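Undergrad: I have a structure here, written as structure tokens, and I will follow up with some questions on it.
The values are calculated or read from the model by the stated rules, or taken from the named source; none is laboratory data. Keep in mind it's a predicted model, so treat the numbers as computed, not measured. Note that each Cβ is placed from the backbone with ideal geometry, even for glycine, and that neighbours are counted across all protein chains shown. These accessible areas exclude ligands, DNA and RNA; they are computed on the full protein's heavy atoms, side chains included. Shrake-Rupley method; radii C 1.70, N 1.55, O 1.52, S 1.80 Å.
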Amino acid sequence: MRGGSMDKKKGSFTGSLGFILAAAGSAVGVGNIWRFPYLAAKDGGGLFILVYLILVITFGFTLLTTDIAIGRKTRKNALQAFGSISPKWGFLGKLTFLVPALIMTYYSVIGGWITKYLFDYVVTDGTEAAKDGYFTGFITSEISPVIFMLIFLLVTVWIVYRGVEKGIEQFSKFVMPGLLLLIIGIAIFSLTLKNTDAAGVTRTGIDGLSVYLKPNFEGLTLSKFLNILLDAMSQLFFSLSVSMGIMITYGSYVKKETHLEKSINQIEIFDTGVALIAGMMIIPAVFVFFGMEGMGSGPSLMFISLPKVFAAMGGAGKFIGILFFVMVVFAALTSCISIMETLVANCMEIFHAGRKKVCLAVAVFSIVTAVLICLGYNVLYFEAPLPNGSTGQLLDIADYISNSFLMPLISFLTCIFIGWVVKPEWIESEMVENGMTFHKKTLYGIMVKYIAPVMMGILFLQSTGLFGIFGGK
């Protein structure tokens, strides 16, 4: 009775489709769009893609399976799930809780940036957004970033406030098919592009697609390959929303009759497909107008390079810009919703309070911290050195602690916990619930005990600047 009432209080997905789309929505975020294409361009195109695909079916499956199975078996959120399995490992739940709490401070700020650009392309022709210094001028202003952050954040709060079935699941069922159609449509358009530069060199979208998909082994050394491997590992790691409590939370909403292995495979296919098509959308377009020298990383790709590409398209640029930023807003919203839902679900269990009260409290926390992050580019501006050799402002510091420090550490400890303390059989028993099959049982056991902990340990050391043999990123 107690478990049933808790499930009713928390809510649950109505079926496997709702779970798959919500989990895929969490996984598909701005990282797929502004990080995957850049890494593919930097790390040998098809070579990076091949390494990434191998990691998806091994590490990706292992990490996703672990988180989702822990959630469904314990019926608890990350903060309490680990402690319910072994009280000595309850600290791991507390570490996991810190990740979405930190990410929530800045993700809505990035969502606000995207909302601002969408607004620009809707009400203007987008030429201002393509000018040098436009992005820097926007984020360093004191009022505008806060306003657009609030718009994005209030939409997120409203959806989470409505609950699992009426909010998250309904939104995901509406948005995810639309996001996929938009990204496929823009990718096809990118392949039709053609441009002749001032030097008389003609480049086409098909040329850019070849650069993207053809493996480039030129100058490949063992050290360079290891860097590619770690780049692909970190991208996969951050893309799938593992080790931040999100998939444990979503797993706790999954009904027992859902075939977990099949659902996990479909989540990976959706997330990986979006990342691959994002590369097909962005790399050919940038290549046509600016060559590979135009490929930036992170915000510079989305907010500086691509607006210049849209401007170079002429009349079609405004329309493509609108479609692109609608798509990115969708991707950012689904990820931000999952981050906030994880915080709300955890706090509901901590304080034994209802969803609506907790949601409003988390909203206040998110607004206050996001305003501070916005001010980190003007009133509160400073630069601090980070352990990975870079420097950063408030947003960069929060991102570094959550993504580069806590997430690899949590993943490493989770693999040790499942692989060596409670044993892989604990997860395997949940995977075969109600007579379901677990085809990758042997692969999972080997990965979670031996291979994943080593790779997670290396990724942690490398991202924190402690593994100098591979160099900093």
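Undergrad: I'd like to check something: does the stretch 343-350 contain any residue that is open to solvent by less than 10 Å² (accessible area, probe 1.4 Å) and of a type in the set (S, T, N, Q)?
TA: Checking the stretch 343-350: at least one residue is open to solvent by less than 10 Å² (accessible area, probe 1.4 Å) and of a type in the set (S, T, N, Q).
Undergrad: Of everything in the stretch 345-359, what is modelled with pLDDT under 95, part of a helix (DSSP H, G or I) and of a type in the set (A, V, I, L, M)? Give them in sequence order.
TA: Result: A345, M348, I350.
Undergrad: Looking for something modelled with pLDDT under 90 and either buried (at least 16 other Cβ atoms within 10 Å of the Cβ) or within 24 Å of F148 (Cβ to Cβ) (or both) - is there at least one such residue anywhere in the stretch 402-409?
TA: yes
Undergrad: So which residues in the stretch 203-242 are open to solvent by less than 10 Å² (accessible area, probe 1.4 Å), hydroxyl-bearing (S, T, Y) and either part of a helix (DSSP H, G or I) or closer than 14 Å to A69 by Cβ (or both), if there are any at all?
TA: Answer for the stretch 203-242, where residues must be open to solvent by less than 10 Å² (accessible area, probe 1.4 Å), hydroxyl-bearing (S, T, Y) and either part of a helix (DSSP H, G or I) or closer than 14 Å to A69 by Cβ (or both): Y212, S234, S239.
Undergrad: Taking the conditions exactly as written (at pLDDT 95 or above and open to solvent by 20 Å² or more (accessible area, probe 1.4 Å)), does T127 satisfy them or not?
TA: Criteria not met by T127.
Undergrad: Any idea how many residues of the stretch 430-442 are closer than 22 Å to I57 by Cβ and either among the small types (G, A, S) or open to solvent by 60 Å² or more (accessible area, probe 1.4 Å) (or both)? It would help to see each step written out before you state the result.
TA: Applying the first criterion (closer than 22 Å to I57 by Cβ) to the stretch 430-442 yields 430-432, 436-442.
Within this subset, residues satisfying the condition of being either among the small types (G, A, S) or open to solvent by 60 Å² or more (accessible area, probe 1.4 Å) (or both) are 432, 437, 439, 441-442.
Number of matching residues: 5.
Undergrad: Mind telling me which of the residues I416, I427 ends up being of a type in the set (V, I, T), assigned to a helix (DSSP H, G or I) and open to solvent by less than 10 Å² (accessible area, probe 1.4 Å)?
TA: The conditions single out I427.
Undergrad: Test each condition in (1) more than 18 Å from G294 (Cα to Cα); (2) touching a helix residue (DSSP H, G or I) at 6+ places or on another chain (Cβ under 6 Å) for G219 and report the one that comes out false.
TA: All conditions pass for G219, except number (2).
Undergrad: Which pairs do you get when a residue that is of a type outside the set (A, V, I, L, M, F, W, C), found in the stretch 130-144, comes within reach of a residue that is assigned to a loop (DSSP other than H, G, I, E, B), reach meaning Cβ atoms under 8 angstrom, with the pair 6+ apart or on two chains?
TA: Once the first residue is of a type outside the set (A, V, I, L, M, F, W, C) and sits in the stretch 130-144, its partners that are assigned to a loop (DSSP other than H, G, I, E, B) give T140/Y377; T140/N378; T140/Y381; S141/N378; E142/N378; E142/V379.
Undergrad: Check whether at least one residue in the stretch 411-420 is closer than 17 Å to G60 by Cβ, of a type in the set (V, I, T) and modelled with pLDDT of 95 or more, and report yes or no.
TA: Scanning the stretch 411-420 turns up at least one residue that is closer than 17 Å to G60 by Cβ, of a type in the set (V, I, T) and modelled with pLDDT of 95 or more.
Undergrad: Of the residues I147, I184, which is open to solvent by 50 Å² or more (accessible area, probe 1.4 Å) and closer than 22 Å to K318 by Cα?
TA: I184 is the lone residue from the list that is open to solvent by 50 Å² or more (accessible area, probe 1.4 Å) and closer than 22 Å to K318 by Cα.
Undergrad: Just checking, which of I70, I85 is crowded, with 24+ Cβ neighbours inside 10 Å and either over 30 Å from L182 (Cα atoms) or of a type in the set (F, W, Y) (or both)?
TA: I70
Undergrad: Same structure again: Name the residues in the stretch 286-300 that are modelled with pLDDT of 90 or more and open to solvent by less than 10 Å² (accessible area, probe 1.4 Å), would you?
TA: The answer is V286, V288.
Undergrad: Here is a further query. Would you point out the residue of the stretch 351-387, among those that are under 20 Å from Y400 (Cβ atoms) and among the aromatic types (F, W, Y), that is surrounded by the most Cβ atoms within 10 Å (Cβ to Cβ)?
TA: Y377
Undergrad: For L306, work out the one condition from (1) surrounded by 24 or more Cβ atoms within 10 Å (Cβ to Cβ); (2) in contact (Cβ under 8 Å) with a residue 40 or more places away in the chain it doesn't fulfil.
TA: All conditions pass for L306, except number (2).
Undergrad: For I283, are the conditions met, namely being at pLDDT 90 or above and either open to solvent by less than 20 Å² (accessible area, probe 1.4 Å) or over 19 Å from T334 (Cβ atoms) (or both)?
TA: Spelling it out, I283 is indeed at pLDDT 90 or above and either open to solvent by less than 20 Å² (accessible area, probe 1.4 Å) or over 19 Å from T334 (Cβ atoms) (or both).
Undergrad: Considering T62, T58, T96, which residue is assigned to a helix (DSSP H, G or I) and within 25 Å of I337 (Cβ to Cβ)?
TA: T96
Undergrad: List every residue pair whose Cβ atoms sit under 7 Å apart, with the two residues 6 or more apart in sequence or on different chains, where the first one lies in the stretch 398-427 and is free of Cβ contacts under 8 Å to residues at least 60 places away in the same chain and the second, anywhere, is crowded, with 23+ Cβ neighbours inside 10 Å and not β-branched (V, I, T).
TA: So the pair list comes out as F412/M456; P424/Y444.
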